[in-house]
Amino acid sequence: MTSPPRPDDAHPYLRAATAGVRHHTRARTRSAQPEPVDRIHLDVLHAHLTALHRLLDQLAEAARPPHPGAGRHLATAHTRLWQATAEVHAAFHLLPTASKEATECRPERLPEGPPVLTICQRHLAAGNIVRRKTTPTDLNRPHTTACAR
C-alpha cells in the first residue's frame, strides 16, 4: 500500500509551472527598464492560460459528482479563465506588427504563420470547448465571490 504524497511533493509539474510564472514575474519586476510586451510574450502566456483552462475543465468534471458545490466553483473559475484568455488573444492582435493585415484574426483563412497561426488555432480549439460547456448567460454573469463553508 502506498502512502499519499506529502503536499510539497504533490503535482510536481504544476508546481514547476507556478514557479516558472513567479520567476518570470520577479525578473520583469526587478528590471529597471522592463521589456515592452511583444506578441511572442502574449503567445506564450496564451498557451499557459489555455493549458490551465483545460486543467480546470478536467478538475471541474471530476469534482462535480462527489462535490457539486466545489464543481460549480471550479466551473465558474473555468469560465473566468476563458474570459482572461480571450482578452490576451485580443491584446495579441492589437500589438504592432510589420503589416496591418497581420494584426487581424481571420478564422475563415489561415494566418500567415507563427505566432499568429499558433495562437489563433489554440484559441479556436479552446473556444470550441467553451461553447460546448458554457452558455452566453454564464459568460456575461457578473462575478461574485462567496465562501461556501
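What the table shows:
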quantity: Label-point separation, A70 to D9 (7 Å along Cα→Cβ), nm; calculated: 2.2 nm
quantity: Additional length obtainable on full extension of the chain from A62 to L94, 0.36 nm per residue less Cα span; calculated: 7.8 nm
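Read-outs: derived from the displayed coordinates by stated rules, not from any lab. Because the structure is predicted, anything quoted here is derived from the model rather than measured. We place every Cβ from the backbone using ideal geometry, glycine too, and count neighbours over all the protein chains shown.
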